[in-house]
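Asks: First, the structure itself, so that you have it in front of you.
Bear in mind these aren't lab numbers, they're just calculated from the coordinates by the rules spelled out. Just so it is clear, the model here is predicted, and its values are computed rather than measured. Cβ placement follows ideal geometry from the backbone for every residue including glycine, while neighbour counts extend to all protein chains displayed.
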Amino acid sequence: MLYIMRHGRTDWNVRHKLQGRTDIPLNEEGRRMAEKAAEEYRLVPLDICFCSPLIRARETAEIVLRGRDIPIRTDDRLMEMSFGEFEGIENSFDIPDCPINIVFQKPEEYTCSVGGAETFDELFARTGEFLREVINPLMDQGKNVLIVGHGAMNLSIISQIRKLPRSEFWTPGIENCRMIRLI
């Protein structure tokens with residue numbers, strides 16, 4: 001089985017700031033969310049966990065799997081989508097004509113980088129490579145795998161597995177610390 005989880009809440013989540021690859025830690029609420037998830041999902045059989053190297057994902061994985069003999073491995077391909085110069089911007093939807101909003105409002109039209117942000121093609125290339133090189137062989141061996149990551153990065157994996165059109169990229173949504181079974 002393949003499971004996916006988004007990291008716990010951060011202060012930037014609360015303030016509606018674009019985090020991207022900015023390395024923001026969990027806040028106290030995020031840690032409590034991870035502790036609650038640890039209890040809720042303690043009986044889910046897992047063999048291995050892969051997570052983003054960013055602190056909010058690593059800390060979530062460590063809390064959720066505390067006390068369980070499950071290795072946690074980081075992989076750079078699981079980092080959040082880069083939002084370039086727009087990382088740290090607060091409430092982008094309140095800024096008329098903010099270029100990064102196309103990523104969220106019309107993902108099917110976001111085909112070239114704005115402000116150094118990563119494109120969906122780049123995001124899908126690295127997460128697709130991770131799926132092919134790491135996850136598929138483990139699935140073939142019957143392993144139970146958890147990926148702990150981020151909103152856009154996780155949705156790129158969900159989109160590829162479920163073969164969603166780019167226009168529906170954000171449709172599945174992904175709540176903080178909620179485990180979703182994909183395969």
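Asks: In the range 117-162, which trypsin sites (Lys or Arg not before Pro) are in a loop and have at most 16 other Cβ atoms within 10 Å, using DSSP for the loop call? Could you put the intermediate results ahead of the total?
Replies: Numbers: sites: 126, 132, 143, 162; in loops: 143.
Counting only loop positions with at most 16 other Cβ atoms within 10 Å, the trypsin sites (Lys or Arg not before Pro) in the range 117-162 are 143.
Asks: Report the charge-dipole magnitude of the chain in Debye, nearest 20, computed about the Cα centre from +1 at each Lys and Arg Cβ and -1 at each Asp and Glu Cβ. Each step should come with its number before you reach the end.
Replies: Working: 24 positive and 29 negative charges, 134 e Å.
About 640 debye.
Asks: Can you compute the helix-only [θ] at 222 nm over the chain? Use -39500 (n - 2.57) per DSSP H run of at least 4 residues, normalise by all residues, nearest 500 deg cm²/dmol. Before the final figure, lay out each step's value.
Replies: Values: 7 runs with 60 residues, N = 183.
Taken over the chain, the calculation gives -9000 deg cm²/dmol.
Asks: Work through the residues other than residue 107 whose Cβ is under 10 Å from its Cβ and net out their charges, Lys, Arg +1 and Asp, Glu -1.
Replies: Values: positive: 106, 166; negative: 108, 109, 168.
It works out to a net charge of -1.
Asks: Lysines within cross-link reach of residue 106: Cα-Cα under 29 Å, excluding same-chain residues under 8 positions apart?
Replies: 17, 163
Asks: Measuring from centroid to centroid over Cα atoms, what is the spacing of the range 123-183 and the range 1-39 in Å?
Replies: First find each Cα centre; the distance between them is then 17 Å.
Asks: Once a ≥ b ≥ c are taken as the square roots of the eigenvalues of the Cα gyration tensor of the range 118-183, is the result rounded (a/c under 1.5), prolate (a/b larger than b/c) or oblate (a/b not larger than b/c)? Write down the numbers at each step before the final one.
Replies: Numbers: a/c = 1.81, a/b = 1.28, b/c = 1.41.
It is oblate, given that a/c is not under 1.5 and a/b is not larger than b/c.
Asks: OK, next. Lys and Arg at +1, Asp and Glu at -1: add these up for the other residues within a Cβ distance under 14 Å of residue 71 and post the number.
Replies: Working: positive: 58, 66, 68, 73, 143; negative: 47, 62, 69, 75.
In short, +1.
Asks: Quick one: compute the contact order of the chain, relative version, from alpha carbon pairs under 8 angstrom and 6+ residues apart, as a percent. Mind showing how you got there, number by number?
Replies: Numbers: 335 pairs, mean separation 66.2, N = 183.
Here the relative contact order equals 36 percent.
Asks: Determine the percent antiparallel among the DSSP beta bridges restricted to the range 2-181, to the nearest 5.
Replies: Details: 5 of 18 bridges.
Roughly 30 percent of the DSSP beta bridges within the range 2-181 come out antiparallel.
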